[in-house]
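Engineer: Before I ask anything, let me first share the structure, which is written out below as structure tokens.
What follows is calculated from the coordinates using simple rules that are stated; it is not laboratory data. Treat the numbers as computed from the prediction; the structure is a model and nothing was measured.
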Amino acid sequence: MYVCLCNPFTDKDLDNVLKDENVRKKTSDVYQACSGGEKPCCGTCICEVRDRVNKHNEKTLALAAE
Ligand code: FES
């Protein structure tokens with residue numbers, strides 16, 4: 001499923017960038033990694049990207065706390 005249509009990338013691209021559970025991520029870095037270095041245009045997808053990054057970072061924190 002496409003997450004961003006302006007600089008097209010999919011949920012699978014997001015999964016690939018977020019696959020390392022030991023490293024916290026920033027939304028802007030994840031977006032640029034998925035879009036090939038482009039910046040967001042309309043911003044419609046940013047909530048979805050941010051939600052995915054926040055979930056990833058929560059998992060990372062939980063693993064660090066164990
Ligand atoms: S849909 Fe991602 S920037 Fe427009």
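Engineer: If amide hydrogens are placed 1.01 Å from N in the peptide plane, which non-local residues have theirs closer than 5 Å to the one on Val3?
Structural biologist: Amide H to amide H, under 5 Å and 5 or more residues apart or across chains, Val3 pairs with Phe9, Thr10, Asp11.
Engineer: Take a quick pass over the chain and tell me how many lysine pairs come in under 13 angstrom between Cα atoms, counting only ones 8 or more apart or on separate chains. All intermediate terms of the calculation are to be shown ahead of the outcome.
Structural biologist: On the way: Lys19/Lys55; Lys19/Lys59; Lys25/Lys55; Lys25/Lys59; Lys26/Lys55.
Close lysine pairs under the 13 Å cut-off: 5.
Engineer: Based on a Kirkwood Rh over C-alpha pairs, give the Stokes-Einstein translational diffusion coefficient of the chain at 10 °C and viscosity 1.306 mPa s in µm²/s. Each step should come with its number before you reach the end.
Structural biologist: Working: Rh = 12.0 Å.
Taking Rh from Cα pairs, D becomes 133 µm²/s.
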